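Working notes for the structure below.
The values are calculated or read from the model by the stated rules, or taken from the named source; none is laboratory data. What you see is a predicted model; the values in this text were computed from it and never measured. No Cβ is skipped: glycine too gets one built from the backbone with ideal geometry, and neighbour counts run over all protein chains shown.
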Amino acid sequence: MRARSRIALLCAALALYGCDRNLEPFDPDEQPRQPDLSRIFPAGAERAERAEPGLPAAPDATRGAAEVAAESGAPIHGTIQLSKELEGQVLPGSVLFLIARRQEGGPPLAVKRIPSPRFPLDFELGPDDRMIQALPFAGPLSLSARVDSDGNALSRTPGDLQGEAAGPFEPGASGIVLVIDQVVQAQPPG
């Protein structure tokens, strides 16, 4: 019991004397304002390069959307087909996600969401479909598609259908054929 009482006494002392947060009483008339960050970040810190090794450089925030759009390539065009083995397996209410990624990998560059798809399906994917407008629609690109039964792009439900196009592709490419020919399998517990 002696150890417990010492711990309790220490906790009480810390609660009374250990917190020096300079809390002021609540003022219902106080207006919200931006914090003064000059004490934390020195002048000019907002202009410093902060790229981590192996990651692409951050987009230049001083450039306008028109400049990024000018760097962006033309849309790509093609057809999405369903393999003969998977015909009749598209559930009603499914959503097709067409995804373009940079060839070196990473998050999706552009995504198109197509509810209740019918195959074969002609597509166009371009700068208007970018996930982050500050990034140019530039290649080389890899293309994949997934027919998602629950409409949630983040889930991979067993039984969903997917496929990839032989690539890579540059912006402006046309005549691309993407065949959905795989069934998403259940992930083993682990």
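Going by the structure shown, is PRO108 out of contact with any strand residue (DSSP E or B) (no Cβ under 7 Å at 6 or more places or on another chain) and either under 17 Å from PRO75 (Cα atoms) or surrounded by fewer than 19 Cβ atoms within 10 Å (Cβ to Cβ) (or both)?
In short, no.
Restricting segment 117-137 to residues that are in a loop (DSSP other than H, G, I, E, B) and more than 16 Å from the chain's Cα centre (by Cα), which is nearest to LEU154 (Cα to Cα)?
Among residues in segment 117-137 that are in a loop (DSSP other than H, G, I, E, B) and more than 16 Å from the chain's Cα centre (by Cα), the one nearest to LEU154 (Cα to Cα) is PRO117.
Report yes if GLU164 is among the acidic types (Asp, Glu) and under 20 Å from the mean Cα position of the chain (by Cα), otherwise no.
Criteria met by GLU164.
Does segment 138-190 hold any residues that are more than 18 Å from PRO108 (Cα to Cα), assigned to a loop (DSSP other than H, G, I, E, B) and of a type in the set (S, T, N, Q), and which are they?
Correct list: SER149, THR157, SER174, GLN185, GLN187.
Quick test of your reading of the structure: LEU86 fulfils all but one of (1) touching an Asp or Glu at 6+ places or on another chain (Cβ under 8 Å); (2) among the aliphatic types (A, V, I, L, M); (3) over 14 Å from ASP181 (Cα atoms). Name the failing condition by number.
Just one mismatch for LEU86, condition (3).
Name the residue that is nearest to ASN152 (Cα to Cα), counting only residues in segment 83-101 that are in contact (Cβ under 8 Å) with a residue 40 or more places away in the chain and not hydrophobic (A, V, I, L, M, F, W, C).
Of everything passing the filter in segment 83-101, SER94 is nearest to ASN152 (Cα to Cα).
Is it the case that ASP128 is more than 22 Å from VAL179 (Cβ to Cβ), surrounded by fewer than 19 Cβ atoms within 10 Å (Cβ to Cβ) and modelled with pLDDT under 90?
No; evaluated as a whole, the condition is false for this residue.
Which numbered condition in (1) within 20 Å of the chain's Cα centre (by Cα); (2) not in a loop (DSSP other than H, G, I, E, B) is the only one that THR79 fails?
(1)
Can you name every residue in segment 76-92 that is modelled with pLDDT of 90 or more and not basic (Lys, Arg)? Please lay out each step first, then the result.
Looking only at segment 76-92, we keep the residues that are modelled with pLDDT of 90 or more, and these are 76-85.
Once the filter is applied, which keeps residues that are modelled with pLDDT of 90 or more and not basic (Lys, Arg), segment 76-92 yields ILE76, HIS77, GLY78, THR79, ILE80, GLN81, LEU82, SER83, GLU85.
Looking for something farther than 24 Å from SER72 by Cβ, of a type in the set (Val, Ile, Thr) and either loosely packed, with under 14 Cβ neighbours inside 10 Å or free of Cβ contacts under 8 Å to residues at least 24 places away in the same chain (or both) - is there at least one such residue anywhere in segment 149-158? Step through it out loud before you land on a result.
Narrowing segment 149-158 to residues farther than 24 Å from SER72 by Cβ: 149-152, 154-158.
From the residues that got through so far, the ones that are of a type in the set (Val, Ile, Thr) too are 157.
Restricting the remaining residues to those that are either loosely packed, with under 14 Cβ neighbours inside 10 Å or free of Cβ contacts under 8 Å to residues at least 24 places away in the same chain (or both) gives 157.
Within segment 149-158, one or more residues are farther than 24 Å from SER72 by Cβ, of a type in the set (Val, Ile, Thr) and either loosely packed, with under 14 Cβ neighbours inside 10 Å or free of Cβ contacts under 8 Å to residues at least 24 places away in the same chain (or both).
Being assigned to a loop (DSSP other than H, G, I, E, B) and buried (at least 19 other Cβ atoms within 10 Å of the Cβ) is the filter here, so list the residues in segment 91-105 that pass it.
The first filter runs over segment 91-105 and keeps only residues assigned to a loop (DSSP other than H, G, I, E, B), leaving 91-94, 103-105.
Selection gives SER94 alone.
Any idea which of (1) among the aromatic types (Phe, Trp, Tyr); (2) in contact with a Lys or Arg (Cβ under 9 Å, 6 or more places away or on another chain); (3) under 29 Å from PRO92 (Cα atoms) is the one PHE119 doesn't satisfy?
Here PHE119 meets the rest and fails (2).
Checking ILE114 against (1) in a loop (DSSP other than H, G, I, E, B); (2) modelled with pLDDT of 90 or more, which single condition isn't satisfied?
Every listed condition holds for ILE114 apart from (1).
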